[in-house]
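Remarks on the structure that follows.
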Amino acid sequence: MSRRKLIGLGAATLAGAALPDALFHLSSAAAAAVGPTEGIGYFARFGVTEKMLRDGLSAALSRGADYADLFFQHRVANGLGLEDGEVNRASTSVELGVGVRAVKGDQTGYAYTEDLTLEALVQAAKTAAAIADGPAKAGPKGLKVGAALPARYPVKTRWEDVRPQQKLPLLSGLNEKVLAADKRIRKVNVSFGDEAGAILIADSNGRIVEDLQPMTRLYLSCVAEQDGKKETNGYNVAGRADIGFYSPERLDRMVKEAVSRTVVLFDAVTPPAGEMPVVLAAGASGILLHEAIGHGMEADFNRKGVSIFSDRIGKPVAAKFVNIVDEGTLPAARGAINVDDEGNPVGKTMLVENGILTTYLHDAISARHYKVKPTGNGRRESYRYAPLPRMRATYMLPGPHKKDEIIASVKKGIYCTNFTNGQVQIGAGDFTFYVKNGFLIEDGKLTTPIKDVNIIGNGPKVLEKIDMVADDLAVDEGGWTCGKDGQSVPVSQGIPTVRVASITVGGRGKA
């Protein structure tokens, strides 16, 4: 398994092409709009019919596959960028296509087309079917709509109804507020993105489900100058929400965080190097939990024997007060989904309970292998890819300690508040994370700001070394994107303040 670069505070995308009719009703309303006979609501505008779905599934089963599904997707994304007070970039992208998957045992055949005609769909399905070599199996005689989906990302104003003239004040307002916040600010960069997406999944078991998925991101960065020295930093937010997501309080928080994270770097030092206690701040430090630990709990890595957790189900992996969950149900969170990309319901999965590893994150294939129910973690970047077990919103539950108690317990260590980059070896869990902001801890108190430091370790071993967990869980509101096997999906993550007994800190001085 090769090392890979994390995808963190990503760039924005935008959307805006007007669509022929309603795109963004609540998902429950969309489910109610699809009839039990046709079973197709949103995608009817593209000529998709139930007969087309049944013929496509039959073609995918024509060589003896055990299972087949179709994944239709329409996504319109818009982007706007502002720099030096002027809009300097704008973009729109449109994706429309269908992926066909045929599964035989642990083997997967996959093909996709961007031509939504019956002929193109059947041809793609026959290509995917080539994974098997046996007598044809019958496709579903009918398709049935399940229960109405939950409404985890309600929308009052559809993104296609929001004109650029309504978005630009957000960007220019942030630009003005950042410049006014500190005289040392020299440059401001703002990127805004909104996205309107719709998916339809039909499978050989006769299920059909649609979901309408909004997304928005706003990224703010600035450059400050003091005594000829320049520093840069930023802050970003994201969620499955409409323009109402950008409340005055949220925008003010963005300005405060972006400016304070930048100007504090003028006083920051590089900490001593060596093994020492490391305290991870609540919120964005969840990146370590996601990358160095969470990936090792994805079932495909365990099924293939790649993960260090592959023989740890039912065994202790952390202290008894450590509990880790992955869920898709946080309202309006970037990692929220009403249904996964295999059409399975989404809930809350306890990965580690009282320090014991209880389960993995499953898609349908791994669930069948382990003889358990799918956990609703089958996700994909788009119709161009087959689904994989992926995280949604991954975080550690609150523990028995207080933040102040944890800081006071450290005689000499570091407190990490903000990470900007890193690398991790999925499976083994070896990691390197770059700490953008933090503080020295000296005699139980936060003292000098730090910067330009890497922490280096092994995720599962760090999990074992967590010896204090505070009661201040924070799920980060940033625009995190997870990369795996060439696919990127939106996720959320969080963590309370935790103390790790020791981690290798890379620096220039001696401990």
* **For the chain, alpha-carbon Rg relative to the globular expectation (2.2 N^0.38 Å, N residues)** => 1.02
* Could you list the trypsin sites (Lys or Arg not before Pro) in the stretch 186-281 that lie in coil according to DSSP, counting only those with at most 12 other Cβ atoms within 10 Å of their Cβ? => none
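According to the Cα gyration tensor, what semi-axes, each the square root of 5 times an eigenvalue, does the equivalent ellipsoid of the stretch 357-411 have, listed from largest to smallest in whole Å?
36, 15, 8
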* To do: Decide, for the stretch 428-509, between rounded, prolate and oblate: order the square roots of the alpha carbon gyration tensor eigenvalues as a ≥ b ≥ c, take rounded if a/c falls under 1.5, and otherwise choose prolate if a/b is larger than b/c, else oblate.
  => prolate
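Can you order the peptides 421-428, 63-70 by their average number of other Cβ atoms within 10 Å per residue, highest first?
Ranking the peptides 421-428, 63-70 by packing returns 63-70, 421-428.
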* Structure fact -> If one compares the long axis through the Cα atoms of helix 50-60 with the longest principal axis of the Cα atoms of the chain, the angle in degrees, nearest 10, works out at 80
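Could you tell me the calculated FRET efficiency between Ala273 and Asp106, based on Cβ-Cβ distance and R0 = 41 angstrom, to the nearest 0.05? Don't skip to the end; give the middle numbers.
Values: r = 45 Å, r/R0 = 1.10.
The computed FRET efficiency comes out at 0.35.
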* Asked: Which far-off residues, 5 or more places away or on another chain, put their amide H under 5 Å from the one on Ala333, with H placed in the peptide plane?
  -> Arg240
* Structure fact -> Under the Karplus relation with 6.51, -1.76 and 1.60 and θ = phi - 60°, whole-Hz ³J(HN,Hα) for the stretch 430-436, x at Gly and Pro, equal 5, 9, 9, 10, 9, 8, 7
* **For the stretch 215-274, fraction of C-alpha pairs farther apart than 17 Å, in %** => 50
* Seen from all sides and averaged, what is the projected area of the convex hull of the Cα atoms in the stretch 274-407, in nm²? -> 9.7
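Can you tell me the accessible area per residue over the chain, all protein chains present, probe 1.4 angstrom, in square angstrom?
39
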* To do: Order the peptides 112-120, 399-407, 464-472 from the highest to the lowest mean number of other Cβ atoms within 10 Å of their residues.
  => 464-472, 399-407, 112-120
* Asked: Under the Karplus relation 6.51 cos²θ - 1.76 cosθ + 1.60, θ = phi - 60°, what is the ordered set of whole-Hz ³J(HN,Hα) values for the stretch 128-133, x standing for Gly and Pro?
  -> 5, 5, 5, 5, 10, 8
* In Hz, Karplus ³J(HN,Hα) per residue of the stretch 43-49 (6.51, -1.76, 1.60; θ = phi - 60°; x = Gly, Pro) -> 7, 4, 5, 9, x, 6, 10
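Order 445-451, 320-326 from most to least packed using the mean count of other Cβ atoms within 10 Å.
By packing density, highest mean first, the sequence is 320-326, 445-451.
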* Asked: Which of rounded, prolate, oblate describes the stretch 233-314, given a ≥ b ≥ c as roots of the alpha-carbon gyration tensor eigenvalues and a/c under 1.5 marking rounded, otherwise prolate only if a/b is larger than b/c?
  -> oblate
* Structure fact -> Sorted by chain and then number, the residues having a modelled amide H within less than 5 Å of the amide H of Ile356, at least 5 places away or on another chain, are Val317
* To do: Would you mind checking Lys137/Lys371; Lys320/Lys402; Lys256/Lys436; Lys256/Lys461; Lys229/Lys256 for any pair whose Cα atoms are more than 25 angstrom apart?
  => Lys256/Lys461
* Only residues of the stretch 256-298 count here: report those whose backbone N is under 18 Å from the spot 7 Å along Cα→Cβ of Lys348, or say none. => 283
* Whenever you get a sec, compute what percent of the accessible area on the stretch 134-221 sits on carbon and sulfur atoms (1.4 Å probe). => 54
* What's log10 of I(q)/I(0) for the stretch 170-311 at q = 0.15 Å⁻¹, Debye sum over Cα points only, no solvent? -> -0.98
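The values are calculated or read from the model by the stated rules, or taken from the named source; none is laboratory data. Just so it is clear, the structure is predicted and the values come from calculations on it, not from any experiment. Note that we place each Cβ from the backbone using ideal geometry, even for glycine, and neighbour counts take in every protein chain shown. Side chains included, ligands, DNA and RNA excluded: accessible areas come from the protein's heavy atoms. Shrake-Rupley method; radii C 1.70, N 1.55, O 1.52, S 1.80 Å.
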